[in-house]
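Note sheet for the following structure.
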Amino acid sequence: MIGDPVIIVVSILGLFLVFLFLRRFIHLGKIERIEKIVELKQYDKAIPYLKNLISKNDENIMAHYYLGICYFNINNYEWAMPEFKKVLRSTRIGKDIQELPVREKLARIYLNYNQLEEAQKEFMLMTQIDPKNYKNYYEIASILHKQGYLDAAYTYYQKALNSSKLSDDKEKQPDLYINLADAHIRKSDYAMGA
């Protein structure tokens with residue numbers, strides 16, 4: 001005798017929900033264990049686990065994030081870059097993963113490869129997310145300074161000086177004033193020589 005169809009459907013649905021819950025719980029447990037390995041700075045140990053998780057589910061953004069962190073911290077920037085780019089394209093950015101640290105690491109990678117325009121774009125995006133943080137303005141100014149865009153560099157050094165978070169970083173203030181003065185002097189020298 002076959003049971004009531006409603007009971008059968010509810011039972012199947014219940015089993016399915018239990019399966020999803022257990023699967024999610026097991027997945028979270030794996031990520032938490034890997035996160036602890038990464039916190040212990042055992043990056044080489046974490047990488048195979050993360051690759052395994054990604055091979056099972058390429059949309060596992062947390063695994064891509066931690067894999068990017070591992071590669072970044074062992075100075076394998078070439079492999080960290082695509083991981084961070086994938087994380088930034090995810091709809092989960094800002095929910096499970098904070099956007100600023102990912103963009104900051106990606107900008108550092110671009111600087112390492114002397115891709116100044118790409119690094120500048122990342123720092124510009126960071127100024128929109130955190131407009132009070134002088135470091136992003138300072139980095140933009142430094143990039144513009146290196147490229148010889150002295151007027152723009154001077155403007156961004158001033159924005160960095162006017163930032164409310166600068167007063168918390170006494171070590172960086174002298175560098176900022178020196179670079180501001182250098183940009184101003186070079187700008188003036190260039191204007192006089194032109």
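The values are calculated or read from the model by the stated rules, or taken from the named source; none is laboratory data. Because the structure is predicted, anything quoted here is derived from the model rather than measured. Ideal geometry is used to build each Cβ from the backbone, glycine not excepted, and the neighbour counts take in all protein chains shown. Keep in mind that these areas ignore ligands, DNA and RNA; they rest on the heavy atoms of the full protein, side chains included. Shrake-Rupley method; radii C 1.70, N 1.55, O 1.52, S 1.80 Å.
For the reader, a short list of remarks on this structure follows.
- Accessible heavy-atom area order of ILE74, ILE69, ILE7, highest first, probe of 1.4 Å: ILE7, ILE74, ILE69
- The phi-based Karplus calculation (6.51 cos²θ - 1.76 cosθ + 1.60; θ = phi - 60°) puts the 3J(HN,Hα) values of segment 89-97 at 7, 6, 6, 7, 5, x, 9, 8, 10 Hz, whole numbers, x for Gly and Pro.
- Simple spin-label estimate for ASP4 and LYS45 gives 5.4 nm between the two label positions (7 Å along the Cα-to-Cβ direction from each Cα).
- Solvent-accessible area of LYS30, all protein chains in place: 70 Å² (probe radius 1.4 Å, heavy atoms, ligands and nucleic acids excluded).
- Ordered from largest to smallest accessible area (heavy atoms of protein chains, 1.4 Å probe), the residues TYR134, TYR113, TYR149 come out as TYR149, TYR113, TYR134.
- Annotation for ARG33 and TYR149: the two label points, set 7 Å from Cα along the Cα-Cβ direction, are 4.9 nm apart.
- Listed pairs LYS41/LYS121; LYS36/LYS121; LYS41/LYS132; LYS36/LYS56; LYS56/LYS105; LYS30/LYS121 exceeding 28 Å between Cα atoms: LYS41/LYS121; LYS36/LYS121; LYS41/LYS132; LYS30/LYS121
- Per atom type, segment 78-168 shows carbon and sulfur on 46% of its accessible surface, probed at 1.4 Å.
- Residue ranking by accessible heavy-atom surface, 1.4 Å probe, largest first, among SER90, SER11 comes out as SER11, SER90.
- In this view, the solvent-accessible surface of ARG108, computed with a 1.4 Å probe and all protein chains in place, comes to about 80 Å².
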